[in-house]
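What follows is calculated from the coordinates using simple rules that are stated; it is not laboratory data. Please read these numbers as outputs of a predicted model, since none were measured by experiment. A quick note on method: Cβ atoms are made from the backbone with ideal geometry, for glycine too, and the neighbour counts reach across all protein chains shown.
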Amino acid sequence: MIQERLEQLRRLMAEHHMDAYMIPTSDFHESEYVGEYFKCREFITGFSGSAGTAVITKDEAGLWTDGRYFVQAGKQLEGTGITLQRMGQPGVPEIGEYLDQVLPEGGSLGFDGRVVNCQLGQDLEKLLAEKHVTLAFQEDLVDVLWKERPHQSAEPVWILEEKYSGKSSALKIEELRSQMKKEKATIHILTSLDDIAWLLNIRGNDVECNPVVLSYAMITLDRFYLFINEKVLKDEVKAYLKNLSVTVCPYNDIYTAVSQLRDQKVLVETGKTNYAIVKNIDSSNSIIDKMNPTALSKAMKNPVEVENMRKAHIKDGVAMVKFIYWMKQNVGKETITEVSAQEYLDHLRSKQEGNLGLSFDTISAYGANAAMCHYKATAESDVKIEPKGLYLVDSGGQYYEGTTDVTRTIAVGPLTEKEREHFTLTVISMLRLGAVKFLHGCRGLTLDYVAREPFWSRGINYDHGTGHGVGYLLNVHERPNGIRWRMVPERQDNGVLEEGMITSDEPGVYIEGSHGVRTENLIVSKKAEENEYGQFMEFEFLTMVPIDLEAIDQSIMTEHDVKLLNDYHKAVYEALSPYFTGEEALWLKENTRTI
């Protein structure tokens, strides 16, 4: 079937005089995760991972993806005629390099400009200019082939009350316009879904696990245009938007609207806006290419949001304690698999008051599967959890009070010395980072060493960032804050750590074929003392979930490390104990005891 689709695509390419066609994993809004309608790359290649780009030529086909998906992609591409291009590996060209090699002089590269970000489109323009290659960006060829393509999501929009958001949309818009004036912009084009949802205090369900609304916004100094499918707006929401002086326009009219702009100073972040929109902007306008002002404003949670997040994490902690207790009591006594464990935890979380679903697909991984840090248990990969070794679960929920993301590794039976050592190092790392004090102005690059030193001193490393920003009832991955030891092009998470920013703290160890360990808490940045040296900052743990004392090797912990663990467990017990009775209450007390 995949080979047949490739041949059909090549016939369409020939009709449109295209020498290559590129299909990324994206929607019209540069979202990290996409709805079913936008899974064109999966339709053409059969590869179902969340990241990857396909390039089809007249006689070749390739799929570029990263190390998280080498194993999965290798299996799913077997027999399709599509070559797996393992990004970052020796001898594997970048997509631009490959296109430069295979496209003929005066050739044509096709893609749907609505799903390619402007920066990438402009980079390809420059790269292929010497060959006089034209970019045919107005054709969605996959749409022609995909006869049973799902409809675009059109879930109802709802209003997030100010008791949750902590700030009115009117005030947010006013502050945005102040930022526009500082940048000397007369128009701001905003297409990232979490920014629009945050700005208008609305939420929806158009991307799985991300409560956002398919929409675009165009803001002037006195007008606000929202491009959206009007069918998703109930009368209450229409009245709310009207009261904000928001003009509702058809979703696809954004392209016509930007094409009609003349002599404006347009603030638009090209790395977060699709190529087609920016190409439609007339040359009489000047473009101010800077990060959307809402990105920083949204990341700095206000006091109401922070207090609500504390409440959300208590609810989440209750679900997690019930889950860990259940695992400890039942592994080895009844059949529990990765999938059944995941389903049980998802069920427990759904029972918490105010829960609106998951914040991402739960990672439920036993033994060697946990060594793949983005593993997803499926019917094909599902394994039984035996009463030995380590089980890892990385999960989170969406609540009216905010977004959670927590990872715990659990001893489900006897451990090896290495498993115990790696578990303890991970706990040491997580707690030390959470306890660090730093001067305002620090970025995640400054602090990452605190987390990695326990590993690096032993010649160990983990190949992912230590932390990412987290939204408030929005995307579980949010910029501009993050914690990592080096910058990577696809991550815009090196912002200054400001008061109210919520970041994950999630070191780990991954031993291929053996085990994986990760321990993750969310932390919120807050002010500490201010003195002659400046404003000092610190973190507060939001996550309230016990750390498995059965897996701790206290011999490699300093007195300070033991105190950090005991202090954390004291806070966990005080926060969660009112919600438990009977055997669960006794278990919680025992498993947050002072060591």
With the 8 Å Cα cutoff and a minimum separation of six or more residues, segment 158-291 has a relative contact order in percent of 23
Past the 19 Å Cα-Cα mark, which pairs from K181/K265; K231/K279; K182/K290; K163/K311; K301/K526? K231/K279
With an 8 Å cut-off on Cα pairs and a minimum separation of 6 or more residues, tell me the relative contact order of segment 265-362 in percent. 22
State the percent of C-alpha pairs, over all pairs in segment 300-590, separated by a distance greater than 29 angstrom. 29
Using only the Cα atoms of segment 50-176, what do you get for the radius of gyration and for Dmax, in Å? 20.2, 60
What list of ³J(HN,Hα) values in whole Hz, one per residue of segment 255-261 in order, does the Karplus curve 6.51 cos²θ - 1.76 cosθ + 1.60 (θ = phi - 60°) give from phi, with Gly and Pro shown as x? 5, 5, 4, 6, 5, 8, 5
Can you give the Rg to Rh ratio for segment 473-553, taking only C-alpha atoms and Rh from Kirkwood? 1.04
When the convex hull of the Cα atoms of segment 158-291 is projected onto a plane and the area is averaged over all directions, what value comes out in nm²? 8.0
Which residues' amide hydrogens lie under 5 Å from the amide hydrogen of V207, considering only partners 5 or more residues apart or on another chain, with H built in the peptide plane? V212
Please give the calculated 222 nm ellipticity per residue for the chain, where each DSSP H segment of at least 4 residues contributes -39500 (n - 2.57) and the sum is spread over every residue; nearest 500 deg cm²/dmol? -10000 deg cm²/dmol
Round to the nearest 0.05 the FRET efficiency obtained for V383 and E334 when R0 = 25 Å and r is the Cβ-Cβ distance. 0.95
Cross-link partners of K147 among aspartates and glutamates (Cα-Cα below 20 Å; sequence separation of 8 or more within a chain): E4, E7, E15, D27, E36, E42, D112, E139
Can you give me the C-alpha center-to-center distance between segment 247-294 and segment 396-463, rounded to a whole angstrom? 41
If you place +1 on the Cβ of every Lys and Arg and -1 on the Cβ of every Asp and Glu, how big does the dipole about the Cα centre of segment 158-291 come out, in debye to the nearest 20? 300
Alpha-carbon spread of the chain, three principal axes, descending order, Å: 69, 56, 49
At q = 0.16, 0.26 Å⁻¹, what is the base-10 log of I(q)/I(0) for segment 449-493 according to the Debye formula with one equal point scatterer per Cα and no solvent? Please give it to two decimals. -0.50, -0.93
Could you grab the relative contact order for segment 2-145? Cα pairs under 8 Å, six or more apart, rounded to a whole percent. 27
Coarse-grained scattering of segment 316-384 at q = 0.21, 0.25 Å⁻¹, given as base-10 log I(q)/I(0) from a Debye sum over alpha-carbon atoms: -0.96, -1.22
When I556, I428 are ranked with the fewest other C-beta atoms within 10 Å first, the list becomes I556, I428
If each residue's Cβ is checked for other Cβ atoms within 10 Å, how do F38, F43 rank with the fewest at the top? F43, F38
What ranking do 337-344, 103-110 get when scored by the average of other Cβ atoms within 10 Å per residue, highest first? 337-344, 103-110
